[in-house]
Structure formats: structure tokens, C-alpha cells
1. For the stretch 78-87, indicate whether the set of residues that are touching a Pro at 6+ places or on another chain (Cβ under 8 Å), under 17 Å from Val12 (Cα atoms) and more than 12 Å from the ligand (Cβ to nearest atom) is non-empty.
2. For the stretch 77-95, indicate whether the set of residues that are buried (at least 22 other Cβ atoms within 10 Å of the Cβ), in contact with a His (Cβ under 9 Å, 6 or more places away or on another chain) and more than 19 Å from Leu167 (Cβ to Cβ) is non-empty.
3. Would you be able to tell me the number of residues in the stretch 30-77 that are near the ligand (Cβ under 9 Å from one of its atoms) and outside any helix (DSSP H, G or I)?
4. Return yes or no: is Leu145 within 12 Å of the ligand (Cβ to nearest atom), surrounded by 16 or more Cβ atoms within 10 Å (Cβ to Cβ), among the hydrophobic types (A, V, I, L, M, F, W, C) and closer than 25 Å to Pro207 by Cβ?
5. Tell me, which helices (runs of 4 or more DSSP H) lie completely within the stretch 174-247 with 2 or more residues that are within 18 Å of Arg263 (Cβ to Cβ) and at pLDDT 95 or above?
6. Return the total of residues in the stretch 89-109 being part of a helix (DSSP H, G or I) and among the β-branched types (Val, Ile, Thr).
7. Does Thr254 meet the test of being under 22 Å from Met18 (Cβ atoms) and among the polar types (S, T, N, Q)?
8. Among all residue pairs at least 6 apart or on different chains, which show Cβ distances below 9 Å where the first residue, located in the stretch 42-66, is closer than 11 Å to Leu100 by Cα and the second is among the aromatic types (Phe, Trp, Tyr)?
Amino acid sequence: MGEASTQRRVLVTGAAGMLGSQVLLAVPDGLAAVGTDLREAAGVERVGVDLADPQQVAELFREAGPFTGVIHTAAYTAVDRAEEQEELAERVNGLACGVLAEACASAGIPLVVVSTDFVFDGEASVPYEPHHPVNPLSAYGRTKLSGERQAQEAHPGGTRIVRTQWLYGPRGQHFPGTMLALAKERDQLRVVQDQRGCPTSTLELAPALWDVLLTGEAGVYHAACEGEATWFDLAKATLEHAGVEGVEVQPCGTEDFPRPAHRPAYSVLDCSKLTALRGAPLAPWEDALRTFLGS
Ligand SMILES: NC(=O)c1ccc[n+]([C@@H]2O[C@H](COP(=O)([O-])OP(=O)(O)OC[C@H]3O[C@@H](n4cnc5c(N)ncnc54)[C@H](OP(=O)(O)O)[C@@H]3O)[C@@H](O)[C@H]2O)c1
């Protein structure tokens, strides 16, 4: 038997996505990962598996397993479009979590479900702890909360929910990338200053998801870079650390950019439970941004 076939194998869903692709690049020593997604990309071995379909998931576990754990990053992530497609978003974000959790419960293995700060309403003024009451403002937030609940119900002893926020990373579309692209076309950018959260690099988050899978307990964790910022702060820091000059960033309000989905005005996450598990917090957001930008 080759070494790979004797290694413990972990299933990573959403492997073509912004976070899943980074999770696959952060596989700890001694483990092997099997990536799955709807579409092909580097690291995706099982293409076209619809996780909301119990038969396809059973087949995936039979053919690509046995797995020793699952990190579930796949999701319907189009926050504004979800307002018009809540049924589809619920199928992916809600139902698929339940289906995966049932498969993990049958196999007796842990499941990490990645969730979001959008389960909160943003009315708080201090960082949200995992047990803080939820109250999503958007279809996306409702469907992600539904996924949390379906997974916990189907696999109470093995489900670890990890809520994160404001992600960016080497692959995929994200806010810093959009700002850098716009800065090539314009000499002035207007950016929302009245939403506060914490920008989080997938380079920081991916290893933390592995730690939660391998050493965490069932329950809810919050995982974001240290500190807090507004989108305006993030835009300014992105241009500064990327060395972009001659572009003015102006603050504006949420009402200046009306969007279909309501966003929480304040969604800073209290990550002390994760810090206790790992012995250290994720990097401060501006340090993580600098590392990402290579500056
Ligand atoms: N991005 C953020 O700022 C943010 C913030 C908080 C939490 N999160 C959570 O973090 C996780 C990762 O987000 P991300 O930004 O990396 O997402 P992403 O780049 O959109 O990747 C998600 C992946 O899931 C796939 N997928 C969609 N429906 C599926 C289905 N039915 N079966 C199998 N795969 C399916 C998508 O394929 P297609 O692209 O082909 O549809 C996509 O490749 C998600 O759970 C998200 O809710 C993200």
C-alpha cells in the first residue's frame, strides 16, 4: 500500500472557492485531503458533486472515503442575489449542511461548518461571542443559520461551527482586489464607513480550521483576524500597503450604496474561544493584509 492510501483523509468541500482552495494548501503533515466542488480547479479531485443531494454525498463518501473528518466551506455566497433566490440558497447553505452532517454522524467523524457574522443583526456595540443571540437581517444570513442548525441537529456531538467574516485571499473575488482594480481606473473612491467588522485573510483562517477539526470540540467558534475596521479603513490600508498613490479614498454611508441585502452595521467577532484552543489569536488584520499584499 502506498503512503497516501494509509494517510488519514479529510474531505474539503468548496475546494475551488476562495477559502476552500486555501484550506487545501494548508493540510497539516500526516494528513491527506480530498477536495470537492462543482467546478474544476487546482486541488479539486471530485468535481460536480452536489452536496445537497444525499445520494451524491453517500457516493462521495463510499468512493473517495473513508474520511476522518470534513471541512465544509462550500456555500451559496452571492449575498445580494440570495434575496431573490432564497430557496436555492437554502438548499446549498441549509440542506447541504444537514446532508453532510448526517453522513459524518454515520461515519462517526467530526465536521467543521464554516458560517458567517451575517447571522447577527449588528445591533451590538461589543464583539459578538458565540452564544450571543442570533437574528439574521438577510436571506443569506437566514440560510447560513439554517445550515448551522441542521448540522448541529444531525450531528450534535461532532459539529464544529466556525463563524468568520470579511474574507479575502489569494484566490477568488474580494474587497481588497476590487479596490485595487478600481484604483487603476479612478482617482477617487467612495467607501462605506458605517459598517464595522474585521477583515480576515484566508491565509490566517485556513490553518485555524484545521486546528478546530483536529483539536476542537463540538460547538460554535468565532474566527477572524484581530482588531476591527470599517470598509473605508480596509480600502485605505489596501491602497497604502499595495503602494498605490494618487487615489483619494472618501468615506460615505451605507445609504449611499443601496444593496438588496441588509448588512449588520457592527459584526466584530469575539474570538477568545478559538484563541484559547490555539494558544494565539489570528494575526492583527493590518499585518495579515500586508502579508497578503506582500508588502
Ligand atoms: N467570503 C466572505 O467574506 C465570507 C464571510 C463569512 C463567511 N463566509 C463563508 O465562508 C465559506 C467560504 O466562502 P468563500 O468566499 O470561499 O466562497 P466561494 O469562493 O463562493 O466558494 C464556495 C464554493 O462552493 C461551491 N458550491 C456552491 N454550491 C454548491 C453545491 N450545491 N455543492 C457543492 N459545492 C457548491 C461554489 O461553486 P460555484 O462557484 O460553482 O457555485 C464555490 O466553489 C462559505 O461557507 C461562506 O458562507 C464567507
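1. No, that holds for no residue.
2. No: zero hits.
3. Going residue by residue through the stretch 30-77, those that are near the ligand (Cβ under 9 Å from one of its atoms) are 36-39, 41, 44, 48-53, 56, 72-77.
If we keep only those that are outside any helix (DSSP H, G or I) too, we end up with 36-39, 41, 44, 48-53, 72-77.
Going through the stretch 30-77 one residue at a time, the tally reaches 18.
4. Values: within 12 Å of the ligand (Cβ to nearest atom): yes; surrounded by 16 or more Cβ atoms within 10 Å (Cβ to Cβ): yes; among the hydrophobic types (A, V, I, L, M, F, W, C): yes; closer than 25 Å to Pro207 by Cβ: no.
Here the answer is no, as Leu145 does not meet what is asked.
5. Details: elements: 175-185, 202-215, 231-241.
Hits in the stretch 174-247: 175-185, 231-241.
6. We begin by selecting, within the stretch 89-109, every residue part of a helix (DSSP H, G or I); these are 89-107.
Then keep just the ones that are among the β-branched types (Val, Ile, Thr); that gives 92, 99.
Qualifying residue count for the region: 2.
7. Numbers: under 22 Å from Met18 (Cβ atoms): no; among the polar types (S, T, N, Q): yes.
The answer is no for Thr254.
8. Within 9 Å, the pairs are Phe61/Phe67.
The values are calculated or read from the model by the stated rules, or taken from the named source; none is laboratory data. All values derive from a computational prediction rather than experimental measurement. Here Cβ is always computed from backbone atoms with ideal geometry, including for glycine, and neighbour counts include all displayed protein chains.
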